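K.L.:
The structure follows.
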Amino acid sequence: MRLDNISFLKQYHREIYDDIGNVKIRENSNVTVITAKSGDPTAKFKKDDYDVYLHSKYDPIKESVRILNKYKQDLVKYNYVIIFGLGLGYHVETIVKEFPNKNYYLYEPDMEIFKILLEVKDIKEIVQNIKHHLFVPGNEIDKDRILDNISQSIDEEVLFIIHPSYEKIFKEEYQNFTFKFKQLLKKYKFNIIVNSTFQKRWTLNSINNFKFTMKARSILSVSKNNPLKGKPVIIVAAGPSLYDELILLKKIKSEGTAYLFAVGSANKVLIKNGIEPDAVCTYDPQGHNYKVFEEMIERNIEYIPMIYGTTVGYETLELYKGPKLFMVTSQDILTPYFYDHKEFHIVEDAPSIAVITLQLLHYLGVSHIILVGQNLSYRDGEFYAKGIEYDSRSQRVLEKDLVNHLEVTSVTGQKLFTNEGFYRMKESIEYYINKWDMKNVINTTAEGADIKNVPFTPLSVVKERYLKEPVVDKSWFDNFTILESIDLERKLDVLKTARKDFGDIIEEIVETLRKIDLFKHSTSQKLEKLFIKLDKNTRRMDNNLFYKLFIHQILRVERARIEKASRKIKAINHAREKAPKIIENFSSFIQSVKENEQYIETAYLALLNELE
C-alpha cells in the first residue's frame, strides 16, 4: 500500500487503518488489477465462474462521466448522498468534483477491493473534503454500527448511488444495506418524535413520582422474597380477542390457578365483567393516562395493586389510592441516583405496557407468561375489545386507521390489517423473546397477529395443561419490600452544590458566547482561545450532576441537534467562519437549557422539600 494512504487512514480513519492490517490479498484473489485501453488502472472481480469489471476495461474515466450524468438531476435535489461501492474511485472523484458541497457517505463493502484501491490510487483524491464519511466494514458487527452511524447523522432524504458493477457483484448486500438503512432511518425519525413528545414528561414525572416511589414497594428488587417466581402469570391486554376469553378468565380467577396482570385498558373490560385482576400495570407518561383507570378510581377500588413505571404520568399516582409497586424504567435516571441501582433491575422503555410487563415477568422468573387479548392488529373492524371507549379513540376501526395500514400474518396464517404502532409492539415483543431465548411465553390470542417464536395455543388448552393447581396468594404484593435510600443526606448536599455550580457554569457559557460574538471578526488565535473555553465549560455542564439528573434528559432532541451542528462546525477550518455558526447554535441550545431549568424548578423544589 502507498505510504501516503496509510498515513491518511491512520490520521483520519483509525478503525479502517486497524482493520486493513488483518486483510491479506490472497494469491487466488477475487480481484485482479489490469490496465484499461485508456492506460488507466481498472480491475475485475471474479464472481462465481465469471469475471465482472469494476470499471470499464476501455476507459474508466469516460464511464464515470456517464454515471455522473445518470444521477445528475437527482444530485441537484439532494444534500445527502450515499455511494455504495468505491471500486478504484473514478465515479466518486467525478461526482464529488461536479458537486463538491454535498454530504457524501462512501461505503465500500469489500475490504479486499479497498486494499487494492489503496495500492493503485491516492485515497485523498477520492475522499477530498469528505474525510469523516468513509466507511469500510471489517465484519458484520461493523456493518450494523456503520448503518446506525450514518442513519443518525442524516436528517433529510438521501440519494443512493451504486456503480453498475456493484449491482451485479453485491446485489444482495446492496439490497440488504438499503433496506436496513431505511428501517433505521424510520426508527430514528420515530424516536425523535417520541423524544420531542415525551422528553419533558419523563423527567417531570420521575421527579413528581418520587414521593410515591419512596413509600411504594420495589417489585424488581434483586435477591428479595419473590412470591411470583415459578408461578404462571397471564398478561391480559385490551385487544378485540379479550372479549372471547372472559368466561375462561373468570374461572381461572375464581380457581386462583394463575395471576392476572391487566395491561393498558384491559382493566376496564375485566372489572365491567366482574373479574378483578391481581394487578394493573402502567407506564404511559402522558397526563391523561389516569383515564385508563377511571372506573377503578370512580368506584373507589383501592385494593388492587398498581405496578407502575417510575416515569408514568404523575396524575395517575396522585389519583389512584390503592397499593403501589414500582419498577424503574430506562427513561428515569433520578430514582437510581437516590437508591443503589444494583438493588433492582431496570426495565427498558418500550412501545407498549405489554412489552414492559413481559420484561418485568422475565426478571421475576415466572413459570409461564400467557398472552391474552394481544391482537397487535385489527379484528372484524374492532380496534379494542368491546367495552372500551375513549373520547379520543373509538372501540371500532375508523377510516383513518386504514389509510396507512400494514399487513401481518395471523396465528392461523391469514392476512390481517394492523398499524405502525401495533407492528412496533410486535417487533419489540419478538426482540425480547429472541434476546432472552424465552421458551415460556404462550400466545392464546385467537385471530391475533403471529408472534415469531411464540406458539399459539388456545387458552382452554393452556388452562387444562398448565393451570391445574391454585397458586395465587391474594396478598402477594406484601412480600415485596420498601427500599431505603442510601446516604440520602449526603446525596442531597451534593445535589444542592451541583445546582449552584450549574448556575455559575451557565453564566460562564453565556459570557463566552457574548465574547465570541464581540470578537467574531478578530484574529483566529483570539477566537480559538474562546472556542477552547466554551468547549471546556460545555463539558463541565455535561458532567454537572444537576444537569445530568434534571436537564439532560429533557433536551434529547436539542442535544441531537447541537451534536450534529458541532460535527459540521468542526469540519470548518477557519475560525471566523466557525464563530457565527457557534453563536447561532450554542446560544439557541443554552436558551433551551435555561428555559427547561425553569420548567422543572417547581417540581425540583418540591422534591427537596419532600426529602429534607
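The values are calculated or read from the model by the stated rules, or taken from the named source; none is laboratory data. Only a predicted model underlies this, so the values are computations on that prediction, with no experimental measurement involved. Positions of Cβ are generated from backbone atoms using ideal geometry, with glycine treated the same way; all protein chains shown enter the neighbour counts. With ligands, DNA and RNA removed, areas are computed over all heavy atoms of the protein, side chains included. Shrake-Rupley method; radii C 1.70, N 1.55, O 1.52, S 1.80 Å.
K.L.:
Look through Ile275, Ile307, Ile297 and report the one residue that is among the hydrophobic types (A, V, I, L, M, F, W, C) and at pLDDT below 95.
P.N.:
Within the list Ile275, Ile307, Ile297, the selection yields Ile297.
K.L.:
Any idea which of Lys250, Lys272, Lys291, Lys215 is surrounded by fewer than 18 Cβ atoms within 10 Å (Cβ to Cβ) and closer than 26 Å to Ser330 by Cβ?
P.N.:
Of the residues listed, the single one that is surrounded by fewer than 18 Cβ atoms within 10 Å (Cβ to Cβ) and closer than 26 Å to Ser330 by Cβ is Lys215.
K.L.:
Give me a count of the residues in segment 32-63 that are outside any loop (DSSP other than H, G, I, E, B) and over 39 Å from the mean Cα position of the chain (by Cα).
P.N.:
Count: 17.
K.L.:
Go through segment 191-212 and give me each residue that's of a type in the set (A, V, I, L, M, F, W, C), open to solvent by 50 Å² or more (accessible area, probe 1.4 Å) and in contact (Cβ under 8 Å) with a residue 12 or more places away in the chain.
P.N.:
Ile192
K.L.:
Looking at segment 387-398, can you tell me whether even one residue there is open to solvent by 10 Å² or more (accessible area, probe 1.4 Å), without any contact (Cβ under 8 Å) to a residue 24 or more places away in the chain and among the hydrophobic types (A, V, I, L, M, F, W, C)?
P.N.:
Yes - at least one qualifying residue is present in segment 387-398.
K.L.:
Which is of a type in the set (Lys, Arg), modelled with pLDDT of 90 or more and in contact with a His (Cβ under 7 Å, 6 or more places away or on another chain), of Arg559, Arg539, Arg576?
P.N.:
Arg576
K.L.:
I'd like to know if segment 224-246 contains one or more residues that are open to solvent by 20 Å² or more (accessible area, probe 1.4 Å) and under 30 Å from Asp144 (Cα atoms).
P.N.:
Checking segment 224-246: not a single residue is open to solvent by 20 Å² or more (accessible area, probe 1.4 Å) and under 30 Å from Asp144 (Cα atoms).
K.L.:
Condition first: at pLDDT 80 or above, over 21 Å from Ser566 (Cα atoms) and of a type outside the set (A, V, I, L, M, F, W, C). Now tell me which residues in segment 129-141 satisfy that.
P.N.:
Scanning segment 129-141 gives a single hit, Pro137.
K.L.:
If Asn440 meets every condition in (1) open to solvent by 50 Å² or more (accessible area, probe 1.4 Å); (2) in contact (Cβ under 8 Å) with a residue 40 or more places away in the chain; (3) of a type outside the set (Val, Ile, Thr) apart from one, which number is that one?
P.N.:
(1)
K.L.:
Turning to a different aspect of this structure: Taking segment 398-430 on its own, how many of its residues are under 16 Å from the mean Cα position of the chain (by Cα) and not basic (Lys, Arg)?
P.N.:
So the count comes out to 8.
K.L.:
Within segment 307-326, track down each residue that is open to solvent by 10 Å² or more (accessible area, probe 1.4 Å) and either acidic (Asp, Glu) or within 19 Å of Pro227 (Cβ to Cβ) (or both).
P.N.:
Glu315, Glu318, Pro323, Lys324
K.L.:
So which pairs qualify, if the first residue must be in segment 248-267 and over 17 Å from Gln374 (Cα atoms), the second must be assigned to a helix (DSSP H, G or I) and open to solvent by less than 10 Å² (accessible area, probe 1.4 Å), the Cβ gap must be under 7 Å, and the two must be at least 6 apart or on different chains?
P.N.:
Note: pairs meeting the criteria are Ala258/Ile252.
K.L.:
Still on this structure, please answer the following. Identify all residues within segment 573-612 that are open to solvent by less than 40 Å² (accessible area, probe 1.4 Å) and β-branched (Val, Ile, Thr); write none if there are none.
P.N.:
Across segment 573-612, the qualifying residues are Ile582, Ile583, Ile590, Val593, Ile600.
K.L.:
For segment 67-164, please list each of the helices (runs of 4 or more DSSP H) lying entirely inside it that holds at least 2 residues being of a type in the set (S, T, N, Q), open to solvent by less than 20 Å² (accessible area, probe 1.4 Å) and under 21 Å from Thr178 (Cβ atoms).
P.N.:
In segment 67-164, 140-153 are the helices (runs of 4 or more DSSP H) which contain 2 or more residues that are of a type in the set (S, T, N, Q), open to solvent by less than 20 Å² (accessible area, probe 1.4 Å) and under 21 Å from Thr178 (Cβ atoms).
K.L.:
Which helices (runs of 4 or more DSSP H) does segment 419-522 wholly contain that include 1 or more residues that are in contact with a strand residue (DSSP E or B) (Cβ under 8 Å, 6 or more places away or on another chain)?
P.N.:
So the answer is 420-435, 459-466.
K.L.:
Consider only pairs whose beta carbons are under 8 Å apart and that are at least six residues apart or on different chains; among these, list those whose first residue lies in segment 492-508 and is under 13 Å from Leu611 (Cβ atoms) and whose second residue is of a type in the set (Phe, Trp, Tyr).
P.N.:
From residues that are under 13 Å from Leu611 (Cβ atoms), the pairs are Leu495/Phe546.
K.L.:
Can you spot a residue in segment 364-376 that is touching a residue at least 24 places away in the same chain (Cβ under 8 Å), assigned to a helix (DSSP H, G or I) and over 14 Å from Pro240 (Cβ atoms)?
P.N.:
yes
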